[in-house]
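A short write-up of the structure that comes next.
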Amino acid sequence: MNTIIGAQEGFFVLIGLFLIGALGSLALYRNAVLANIWSFFFAMIGSLWGIAFSLLCLQAPYALEIEALLSHSPLLSLSFTIDKLSGFFLFTISLIALFCSLYGMGYARQFFGRYNLGTLGFFYNIFICGMMLVVSSSNSVLFLFAWELMSLASYFLVIYEHKEESNVRAGFRYFIMMHIGTAFVVFAFLLLFKFTGSFSFASIGEQIALVPALAQSIIFFCALIGFGMKAGIIPLHTWLPAAHPAAPSFVSALMSGVMIKTGIYMMIRVFLDMFSAIPEWWGLVVLAVGAISSLLGVLYALNEHDLKRLLAYHSIENIGIILLGLGSAMTFLSFDMPELAVIGIIAALFHTLNHATFKSLLFLSAGSVISQTHTRNIEELGGIAKRMPATAFLFLIGAMAISALPPLNGFFSEWLTFQTLFQGVSSLDAISKWLFLLSAGSLALTSGLAIACFVKAFGVTFLARPRSHEAEHAAESSFSLIFSMGLLAGMIMLLGIFAGTIASFLREIANALINSSSVPQVFNSSFEGIHIGGFAEVSSLGIAGVLAGSILVIAMMVKYGVKRNQKVSIGSTWDCGVDLTSRMEITGTGFSRSLILIFKGILKPTKQTGIEYSDADSRYLPKVRTIAFGLADVYKEYIENPVYNLLVSISEWTKRFQGGNLNAYIMYIFVALLIVLIASLL
């Protein structure tokens, strides 16, 4: 009992810290400096408390029930449940919020005198608080309140720099699509309530057998669409590349690193926790969505020259990788293979944590560059590494991690995802086997293209010569920004080196989620590395040791292999008698265009040529020739526009019923009451 009371008090303190930060920053809105310090200080304290609280919850032998307000009406009950799955996501949110808050305190200084720091601090703290409430809510009514709170707070953060018209448009698109997704989620919960008579997640799980098979399938699709829209799966992703770049960079890191993962959390909660038995095709659908999202996400990223949009598309790619693990686990459970399902869940959770760290680092590094150069177009950068060496190095760490290069953390979660897919290829029936094989091929191609994309992003942004005045005069960011990014880079390295220990920890969460602790375990991990029952193994400490040894040997060879009296001279690069300029560098467009053309059947690349003539009467003396490359927006053309036109047509048709005639309105009410009466008698 004392433990429960302590958990309740700890949870209330956690939420209270963010509320104090929000309300205090709003009260101090007239003083930008105090509002900035107050909001981010309480956000950091709340995040530290959240890390400690979530670790205690993860160590608890049972789920912690927290009752804030009890009522006979489910609409008025405020109760929270923190099991191992909730504790894991609570830890991930708190961890990333800590680094982003430390970064934000220095980053937000550029808004002094331009925007209100009080509103920024208010919505920032409410945003973090909303995410924590989402992953700890124990019933659908409270969850929807927290879901809306998180969505509205993030919307106001997206449009925070409202003087930019593009940010307002991006926020509007985000607002509309999030509420479309919420409508699907509400419909799914109402169907569950209809057949189970409960809004409680635990009660729904106990009575899920009362839901007919057809209704279960409808609930599955509604949940996949509603939560998939928040996660950014293709083709429901169109809000994400617009909204993430519009927000301040530390907010972009939170949105990409953890907010979109709340969609993943609810997919796991609904598909694996509530439903005791799921059809085989559910897992295969999730697997196919993951394969498509991962491959198309990286292909669209390859074409981007806006640094933050490029990173946003990579969030879609990595959500797809997470869904590969989740879809595999669902398929294994439908075939009654819980020992293999554990591997899929571990892969999904591990990549969730890993992506949160390296994607946050990349967004924060991009923010460091943008704050100094005032541009997101990588074609206008170049040569930044000499002027911002710390930022360049930290961006490189994040780029290597997202490209799954060992010994960083991204390698081990992608390796686990590959092993999960290979297990499906070797264990399932013919149809499932082929889909798992195609998914493995998609993941392999995605990994290769991701490396190519970040070679482009890092090379064009940080190397060669500056291609603009801003890039040439850039300077390193402040200590608070570099320090927070350095801590994230250290976390990435630790998660990679101790991947075996992290995987052991995640296995406990997977076992608790599907009650597989009594099943013989194929998966095993230790301090040294990860082992999958005679199928495959990898040593994280071994890889790190070999790499460290290689670096040491090379350093010794350089130091003692060169003759002491040998003279070293440094001269200019041979330029064939012509001065080298930035116009001679390879551009991002030139680097990626050949790859884009390979997939032109999918991406639909476009080319626009503009010519300005020196003489209006001459067609043969062009003064300026410009070529613009892009991709056709197939989602807008084939999905958004048809839906929009349909809604407009329906609206025009229904306008005929609103003629201003009072008698007609009374008749409508009478007919509606008559229909309700007849339906109630039936």
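The values are calculated or read from the model by the stated rules, or taken from the named source; none is laboratory data. Because the structure is predicted, anything quoted here is derived from the model rather than measured. All Cβ positions, even for glycine, are placed from backbone atoms using ideal geometry, and neighbour counts span all protein chains on display.
Specify the residue that is farthest from THR238 (Cα to Cα); the eligible residues are those in segment 631-674 that are surrounded by fewer than 10 Cβ atoms within 10 Å (Cβ to Cβ) and of a type in the set (D, E, K, R).
ARG656
Filtering segment 487-536 down to residues that are within 26 Å of ALA548 (Cα to Cα) and polar (S, T, N, Q), which residue is surrounded by the fewest Cβ atoms within 10 Å (Cβ to Cβ)?
SER526
Return a yes/no flag: does segment 553-563 have any residue that is surrounded by 11 or more Cβ atoms within 10 Å (Cβ to Cβ), over 36 Å from the mean Cα position of the chain (by Cα) and modelled with pLDDT of 80 or more.
Yes.
In segment 162-208, how many residues are of a type in the set (Asp, Glu) and in contact (Cβ under 8 Å) with a residue 12 or more places away in the chain?
Adding up the residues that qualify gives 1.
Could you check, for segment 359-374, whether at least one of its residues is closer than 20 Å to ALA291 by Cα, among the aliphatic types (A, V, I, L, M) and in contact with a Phe, Trp or Tyr (Cβ under 7 Å, 6 or more places away or on another chain)?
no
Please state which of the following conditions ARG376 fails to meet, knowing it meets all the rest: (1) surrounded by 24 or more Cβ atoms within 10 Å (Cβ to Cβ); (2) modelled with pLDDT under 95.
Every condition holds for ARG376 apart from (1).
Search segment 428-466 for residues being among the basic types (Lys, Arg) and surrounded by 15 or more Cβ atoms within 10 Å (Cβ to Cβ), and hand back the single one that is nearest to GLY398 (Cα to Cα).
As a first pass, look at segment 428-466 and keep what is among the basic types (Lys, Arg): 433, 456, 465.
Filter once more, keeping what is surrounded by 15 or more Cβ atoms within 10 Å (Cβ to Cβ): 456, 465.
On the way: LYS456: 14, ARG465: 23 Å.
Taking the candidates together, the pick is LYS456.
Please state which of the following conditions VAL460 fails to meet, knowing it meets all the rest: (1) over 30 Å from LEU284 (Cβ atoms); (2) β-branched (Val, Ile, Thr); (3) within 22 Å of the chain's Cα centre (by Cα).
(3)
Only one residue in GLY121, GLY130, GLY106 is touching a Phe, Trp or Tyr at 6+ places or on another chain (Cβ under 7 Å), of a type in the set (Gly, Ala, Ser) and in the same structural domain as CYS57 (by TED's automatic domain parsing), so which one is that?
Step by step, each of GLY121, GLY130, GLY106 is checked, and only GLY121 is touching a Phe, Trp or Tyr at 6+ places or on another chain (Cβ under 7 Å), of a type in the set (Gly, Ala, Ser) and in the same structural domain as CYS57 (by TED's automatic domain parsing).
THR609 versus (1) at pLDDT 75 or above; (2) in contact with a strand residue (DSSP E or B) (Cβ under 9 Å, 6 or more places away or on another chain): which is the lone unmet condition?
(1)
How many residues are surrounded by 17 or more Cβ atoms within 10 Å (Cβ to Cβ), within 19 Å of the chain's Cα centre (by Cα) and either modelled with pLDDT under 90 or not β-branched (Val, Ile, Thr) (or both) if we restrict to segment 144-176?
Qualifying residue count, segment 144-176: 16.
All but one of (1) in the same structural domain as VAL168 (by TED's automatic domain parsing); (2) surrounded by 22 or more Cβ atoms within 10 Å (Cβ to Cβ); (3) not charged (D, E, K, R) hold for GLY297; state the number of the condition that does not hold.
The one condition GLY297 does not meet is (1).
Residues in segment 59-67: is at least one in a helix (DSSP H, G or I) and modelled with pLDDT of 90 or more?
no
Which ranges mark the helices (runs of 4 or more DSSP H) fully within segment 431-541 that have 3 or more residues being closer than 20 Å to PHE358 by Cβ?
Working: elements: 469-472, 479-497, 499-514.
Helices (runs of 4 or more DSSP H) meeting the threshold: 479-497, 499-514.
Report whether or not ALA63 is surrounded by 16 or more Cβ atoms within 10 Å (Cβ to Cβ), touching a strand residue (DSSP E or B) at 6+ places or on another chain (Cβ under 8 Å) and in the same structural domain as SER154 (by TED's automatic domain parsing). Walk me through it before giving the result.
Values: surrounded by 16 or more Cβ atoms within 10 Å (Cβ to Cβ): yes; touching a strand residue (DSSP E or B) at 6+ places or on another chain (Cβ under 8 Å): yes; in the same structural domain as SER154 (by TED's automatic domain parsing): yes.
In short, yes.
Taking segment 68-94 as the search range and keeping residues that are aliphatic (A, V, I, L, M) and buried (at least 24 other Cβ atoms within 10 Å of the Cβ), which one is modelled with the lowest pLDDT?
Filtering segment 68-94 for residues that are aliphatic (A, V, I, L, M) and buried (at least 24 other Cβ atoms within 10 Å of the Cβ), the one modelled with the lowest pLDDT comes out as ILE82.
Is at least one residue of segment 209-224 closer than 28 Å to LYS359 by Cα and of a type in the set (S, T, N, Q)?
For segment 209-224, residues closer than 28 Å to LYS359 by Cα and of a type in the set (S, T, N, Q): absent.
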